[in-house]
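In what follows, a single structure is set out as structure tokens and then discussed.
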There are 4 protein chains.
Amino acid sequence: MAVSLGHNQYGKAETRVVRVYRDSDPHEIVDYNVSVALSGDFEDIHHTGDNANCLTTDATKNTVNAFAKEHGEAARQPESFGIALAKHFVDDTAPVSRARIKIEMYPWNRLQHDGTPHPHAFARSGEFVRTATVTYDGENLYVVSGVKDYTVLKTTDSEFHGFLTDRYTTLQPTTDRVMATSVTGQWLHTDTEQDWSKSFDQVVATMSSVFAGHHSLALQQTMYAMGEAIITEQPEIGEVRFSLPNKHHFVVDLSPFGLENDNEVFYAADRAYGLIEGTIRNDAFLDRAPAAGAAFDPGQGW
Amino acid sequence: MAVSLGHNQYGKAETRVVRVYRDSDPHEIVDYNVSVALSGDFEDIHHTGDNANCLTTDATKNTVNAFAKEHGEAARQPESFGIALAKHFVDDTAPVSRARIKIEMYPWNRLQHDGTPHPHAFARSGEFVRTATVTYDGENLYVVSGVKDYTVLKTTDSEFHGFLTDRYTTLQPTTDRVMATSVTGQWLHTDTEQDWSKSFDQVVATMSSVFAGHHSLALQQTMYAMGEAIITEQPEIGEVRFSLPNKHHFVVDLSPFGLENDNEVFYAADRAYGLIEGTIRNDAFLDRAPAAGAAFDPGQGW
Amino acid sequence: MAVSLGHNQYGKAETRVVRVYRDSDPHEIVDYNVSVALSGDFEDIHHTGDNANCLTTDATKNTVNAFAKEHGEAARQPESFGIALAKHFVDDTAPVSRARIKIEMYPWNRLQHDGTPHPHAFARSGEFVRTATVTYDGENLYVVSGVKDYTVLKTTDSEFHGFLTDRYTTLQPTTDRVMATSVTGQWLHTDTEQDWSKSFDQVVATMSSVFAGHHSLALQQTMYAMGEAIITEQPEIGEVRFSLPNKHHFVVDLSPFGLENDNEVFYAADRAYGLIEGTIRNDAFLDRAPAAGAAFDPGQGW
Amino acid sequence: MAVSLGHNQYGKAETRVVRVYRDSDPHEIVDYNVSVALSGDFEDIHHTGDNANCLTTDATKNTVNAFAKEHGEAARQPESFGIALAKHFVDDTAPVSRARIKIEMYPWNRLQHDGTPHPHAFARSGEFVRTATVTYDGENLYVVSGVKDYTVLKTTDSEFHGFLTDRYTTLQPTTDRVMATSVTGQWLHTDTEQDWSKSFDQVVATMSSVFAGHHSLALQQTMYAMGEAIITEQPEIGEVRFSLPNKHHFVVDLSPFGLENDNEVFYAADRAYGLIEGTIRNDAFLDRAPAAGAAFDPGQGW
């Protein structure tokens, strides 16, 4: 029986590097979790354990740390840091033909001291994690920005009715419900040079504003409205992908206790949860874009 | 051999209740995770399975939900919500002689829509979790407020040297290091009526300001300074307890790559971590206070 | 600007259903976490909130629960349960053109009572989670089985040397190291009818035996050897994909304490970790197989 | 206002040390997570940052690693390893008057290779975590053993009825339910020398056998029966403390689909959950024992 090696990749995952910019006053910090995945001429490693082409995962970690110093300006934004790393691995390491750099960024806010912002003390924001994924194959450079763990909720302006009913449908329609989700979003840039920070902030502001103001008939509709607004307002973005768990808040039945519950008391459920996922595309970009799949695909299909 | 039952308690843990205040514009929300632990005349349940004295854990959950409606004003703050619940269980349920209500509160911020705060859309803050633990035995009422998962960091103004050295000491002294911790703090109130929200905000502001401004020679010293400032500024607080993991940020050795690292690039370590814990007390309060242990003790000794 | 909807899917994620087979003695149980993702004619939901084609996620949850009873025999194995569900959603619900059912299965072992296996008491195994993912588009039916959180370690018979060195390489070669990983594996079946339990057990036995007996020069080589053995021994398997974190165990330097450490005392690191991923294929199957990507792709590209 | 320092403790938490015994064939391994907490003459550290009495947390980590080599026989069991460490810190370090060593142990099973147990390859068990906590103050030595994350379930032989009903009670009584819990148990030894492994295995066997065989009228009753059996059968154990979450398995209502559900299909709920906690004591031991609280108390009251 003929057995062969298919797609493969390796590298150091989750290098936790914090870069402090101390040459200015006040200090600045960036806090990253960087994962490197390399593909290339690695058949021999798998077949015979011949590591001659193997850049060690330890060296990829060292590179992340060293680049935080050597490429300090690039390191100020996860997208530019990812680009610098991806280009290095592919361009400077012969057996490597493709690099994928995935970065989580944990935002920090400046602490107050005696009523004014302190120059070198911070609190971790916790509101969301910013992400960037850069993929480079020596020719194409894909930059994907994103956000995750951004939990938003609205207490009204959400309906859900008129749905298909089959034998297993018991849900009652509603014209007023709590809608909440923890946003995971990723968006592909049409360009590889941007004011990354400004672009990111604008995306979050747009999705937040749309989420707040949209009168929702379905989470899918709200998701699409958020993506549509982002693409309409930011031509540098070619495609947005969302993964939105419907964080159910069920109205608690208080009637056994002689109490009315007019959408005031809710049970915040853990599982099961609806999971709504979708892609919203700028059609103009798709005409000239390489397949977006390569930009988002984590490699093993999951 | 004589075997007997010692301390025991039971109740529903982690009831996730969200209360929306919709009668005003804008809407307000509180988001709680409530755990109930009851002690009392429960020997027979253990010995024979006679449940005649057993208030079901399901009923304690129902009570939490119902009280969110019936005692809507108390439910606006975790401390007053805990007091209402604890008193109810002890005063209204004959076999219950002691109740301990532990509440986690997840703060939410109002979302911006078209540049202004939206009346009914929110994002979860994530900066910290606010906590309250109320213990009532029919006579004594202990109210403990707290914070957890509040991660703070300073990039300088932290030294560590002059320490004891034994055979197993290899650490080098330093006059400049990153200091970071994830604050878990709990403080016992000297009174059972307060403006809980104002008191909580002031504690967080004080600990943040001290953490930022303190020139630290040891995390213990910073911890004590935070506790001392809280107690000095807020006479309603009798005792503060901290549990502070030292979230180590190690300077990465970049010298093999010909690079200097003057406290610019750090490795944020997971484990092991120093864990610094301590109690700071208002001595005046201790003279007249009941033993604080009962206020903090989770019951089983862990 | 033209904006359009791309790939989308939705359904109830993480329905936690436990099925007890009580009609026999001893009782049997299966413990599942089932996620449903449906694609189809759902444009209107996104564009206008018209839910006429929307099978509610609540109904998909109800279906999972009902099928655990109605299709009790299928429900004994995650693969056959997934097939029954996927076919139902596509064949019986007009707007649905594709269903993806992802199942985690938590194995339980029978408890001992007075030295013999008890007919209705169990302990959760915890050694690994068994998984199955079934994708059906009305024509093609893909069945992927898998395992995750299966942590294995060998204390010797692992070398790593002869690797490429660049400017950022500092790792020292070794001829004897601890090798450990937490196996996530998924394999695509060439057929949609199998003795699923037997097939799964054989895969786990093969990978365990190869891992134990293989003299490793690289984790990639061990990974390939495991995949090759599985494919060689089980013609019903067309492709295996692995994601293997290298759970580093670093030799602790005890020399400052005058102690030798001949691979006896290790530090089990959390992060960063090497991540080795690869696909091993049965070439004969690939000639006649549909693209494997559809079988593994979670839908949004991540 | 007079402010003072109360109880305090510090040390390195979660040192992840793996010890391989290679001098024999087959190899043996132990896998520990060790946390050290020291109390003593540490006022000055808190008040002035004078670290002269401060054994660094880094040194406590080094000590754990060094002892894994120097005291290799003691390190084979978590209890004896904890005793060696606790005695060292108190007896050999002048400012330290009390040490608390908390150890988690992750059991591993030997892998099969070609049908026989392999001499140096292992799979992590995952069935439970074994724990030990040793507290020593220079005079008293407390040894507490334990287990956690041990999830057990019985499909029948569990009733719950005859309970107190108040205004908030809606639960229906039942004569047949699934009972499941994730056992956290800790037990105090009456002696400081034991065959720790044998004693631990016997406790787990006893609690498992009782859980399986007990016809339960309340989880409290089952808990007491487990504790009573342990104490009756093992005179070396003076007190057992349990913390038992009631992992609710709710019967799914399948009647809307025209299906009966005779305790066959269950929803495994996450939150809220009943939490049953209790202490079962050997009265003979209590007469001569020091206060058990010191053995279990984690220090800060939580």
For the stretch D:252-264, does any single residue satisfy the condition of being in a helix (DSSP H, G or I) and open to solvent by 20 Å² or more (accessible area, probe 1.4 Å)?
-> yes
State whether the residues of the stretch C:31-48 include one that is closer than 17 Å to residue C:98 by Cβ and free of Cβ contacts under 8 Å to residues at least 24 places away in the same chain.
-> yes
The condition of being of a type outside the set (Phe, Trp, Tyr), assigned to a loop (DSSP other than H, G, I, E, B) and at pLDDT 95 or above holds, among A:130, A:177, only for A:177
Do we have residue A:230 as modelled with pLDDT of 95 or more, touching a Leu at 6+ places or on another chain (Cβ under 6 Å) and crowded, with 21+ Cβ neighbours inside 10 Å here?
-> no
Does residue A:151 fit the bill of being touching a residue at least 12 places away in the same chain (Cβ under 8 Å), within 7 Å of another protein chain (Cβ to nearest Cβ) and more than 21 Å from residue C:2 (Cβ to Cβ)?
-> yes
Tabulated pairs, the stretch C:265-276, first more than 7 Å from chain A (Cβ to nearest Cβ), second part of a loop (DSSP other than H, G, I, E, B) and hydrophobic (A, V, I, L, M, F, W, C), C-beta under 7 angstrom, 6+ apart or interchain = C:265/C:252; C:265/C:254; C:266/C:178; C:266/C:252; C:267/C:252
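For the stretch C:100-122, give me each residue that is hydroxyl-bearing (Ser, Thr, Tyr) and open to solvent by 60 Å² or more (accessible area, probe 1.4 Å).
C:116
How many residues are in a helix (DSSP H, G or I) and open to solvent by less than 40 Å² (accessible area, probe 1.4 Å) if we restrict to the stretch A:186-202? Working first, answer last.
Residues of the stretch A:186-202 that are in a helix (DSSP H, G or I), as a first pass: A:196-202.
Narrowing the set further to residues that are open to solvent by less than 40 Å² (accessible area, probe 1.4 Å) leaves A:196-197, A:199-200.
Total satisfying the criteria: 4.
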Inside the stretch D:201-219, can you point out the residues that are within 22 Å of residue D:175 (Cα to Cα), free of Cβ contacts under 8 Å to residues at least 40 places away in the same chain and facing another protein chain (nearest Cβ under 8 Å)?
-> D:209, D:213
Of all residues in the stretch C:252-302 being in contact with a helix residue (DSSP H, G or I) (Cβ under 6 Å, 6 or more places away or on another chain) and small (Gly, Ala, Ser), the one that is modelled with the lowest pLDDT = C:301
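Going by what's in this entry, would residue C:91 be described as on the phi < 0 side of the Ramachandran plot, open to solvent by 50 Å² or more (accessible area, probe 1.4 Å) and in a helix (DSSP H, G or I)?
Numbers: on the phi < 0 side of the Ramachandran plot: yes; open to solvent by 50 Å² or more (accessible area, probe 1.4 Å): yes; in a helix (DSSP H, G or I): yes.
Yes, satisfied.
Just to be sure, is residue A:170 in a loop (DSSP other than H, G, I, E, B), within 21 Å of residue A:269 (Cα to Cα) and hydroxyl-bearing (Ser, Thr, Tyr)?
It is true that residue A:170 is in a loop (DSSP other than H, G, I, E, B), within 21 Å of residue A:269 (Cα to Cα) and hydroxyl-bearing (Ser, Thr, Tyr).
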Any idea which of (1) over 14 Å from residue D:6 (Cα atoms); (2) crowded, with 20+ Cβ neighbours inside 10 Å; (3) free of Cβ contacts under 8 Å to residues at least 40 places away in the same chain is the one residue B:249 doesn't satisfy?
-> (3)
Kindly list the number of the only condition in (1) within 7 Å of another protein chain (Cβ to nearest Cβ); (2) closer than 21 Å to residue C:138 by Cβ that fails for residue C:44.
-> (1)
Complete set of residues in the stretch A:90-123 that are touching a Leu at 6+ places or on another chain (Cβ under 8 Å) and free of Cβ contacts under 8 Å to residues at least 60 places away in the same chain = A:93, A:95, A:96, A:121, A:123
Long-range neighbours under 8 Å by Cβ, at least six apart or interchain, first residue over 18 Å from residue A:216 (Cα atoms) and within 7 Å of another protein chain (Cβ to nearest Cβ) within the stretch A:154-167, second assigned to a loop (DSSP other than H, G, I, E, B) and at pLDDT 95 or above | A:166/C:93
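Yes/no matrix, rows are residues, columns are (1) closer than 25 Å to residue A:110 by Cα; (2) without any contact (Cβ under 8 Å) to a residue 40 or more places away in the chain; (3) not aliphatic (A, V, I, L, M):
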{"position": "A:129", "(1), (2), (3)": "yes, yes, no"}
{"position": "A:136", "(1), (2), (3)": "no, no, yes"}
{"position": "A:146", "(1), (2), (3)": "yes, no, yes"}
{"position": "A:179", "(1), (2), (3)": "no, no, no"}
{"position": "A:185", "(1), (2), (3)": "no, no, yes"}
{"position": "A:192", "(1), (2), (3)": "no, no, yes"}
{"position": "A:199", "(1), (2), (3)": "yes, no, yes"}
{"position": "A:227", "(1), (2), (3)": "no, no, yes"}
Do we have residue A:44 as acidic (Asp, Glu), modelled with pLDDT of 95 or more and either in the same structural domain as residue A:298 (by TED's automatic domain parsing) or closer than 24 Å to residue C:249 by Cα (or both) here?
-> no
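Taking into account only those residues within the stretch B:51-73 that are among the charged types (D, E, K, R) and more than 7 Å from chain D (Cβ to nearest Cβ), which is nearest to residue B:16 (Cα to Cα)? Outline the logic, then answer.
If we filter the stretch B:51-73 for residues that are among the charged types (D, E, K, R), which is where we start, we get B:58, B:61, B:69-70, B:73.
Now restrict to residues that are more than 7 Å from chain D (Cβ to nearest Cβ): B:69-70, B:73.
Numbers: B:69: 14, B:70: 17, B:73: 18 Å.
Among them, the one singled out is B:69.
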Answer from C:210, C:178, C:183 - the residue that is open to solvent by less than 40 Å² (accessible area, probe 1.4 Å), closer than 22 Å to residue D:20 by Cβ and touching a His at 6+ places or on another chain (Cβ under 6 Å) = C:178
Only residues that are over 14 Å from residue C:147 (Cβ atoms) and touching a residue at least 40 places away in the same chain (Cβ under 8 Å): list them for the stretch C:229-244, please.
-> C:231, C:235, C:236, C:238, C:239
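Take the stretch A:229-283 and flag every residue that is among the hydroxyl-bearing types (Ser, Thr, Tyr) and either in contact with an Asp or Glu (Cβ under 6 Å, 6 or more places away or on another chain) or farther than 22 Å from residue D:172 by Cβ (or both). Walk me through how you get there before you give the answer.
Within the stretch A:229-283, the first condition is being among the hydroxyl-bearing types (Ser, Thr, Tyr), and the residues that meet it are A:232, A:243, A:255, A:267, A:273, A:279.
Within the stretch A:229-283, A:232, A:243, A:273, A:279 meet the criteria.
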Can you name the residue in the stretch D:22-41 that is more than 7 Å from every other protein chain (Cβ to nearest Cβ) and more than 25 Å from the chain's Cα centre (by Cα) and, of all such residues, is surrounded by the most Cβ atoms within 10 Å (Cβ to Cβ)?
-> D:40
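Going by the structure shown, is residue B:205 in the same structural domain as residue B:298 (by TED's automatic domain parsing), open to solvent by 40 Å² or more (accessible area, probe 1.4 Å) and closer than 21 Å to residue B:278 by Cα?
Numbers: in the same structural domain as residue B:298 (by TED's automatic domain parsing): yes; open to solvent by 40 Å² or more (accessible area, probe 1.4 Å): yes; closer than 21 Å to residue B:278 by Cα: yes.
Judged against the criteria, residue B:205 is a match.
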Do we find that residue C:222 is within 12 Å of chain A (Cβ to nearest Cβ) and either open to solvent by less than 10 Å² (accessible area, probe 1.4 Å) or part of a helix (DSSP H, G or I) (or both) in this structure?
-> yes
In the stretch A:66-87, the residues that are more than 22 Å from the chain's Cα centre (by Cα) and open to solvent by less than 20 Å² (accessible area, probe 1.4 Å) | A:66, A:67, A:72
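The values are calculated or read from the model by the stated rules, or taken from the named source; none is laboratory data. Since this is a predicted model, take the numbers as computed values, not measurements. Neighbour counts run over all protein chains shown; Cβ positions are idealised from the backbone, glycine included. Just the protein is used for accessible areas: all its heavy atoms, side chains included, with ligands, DNA and RNA removed. Shrake-Rupley method; radii C 1.70, N 1.55, O 1.52, S 1.80 Å.
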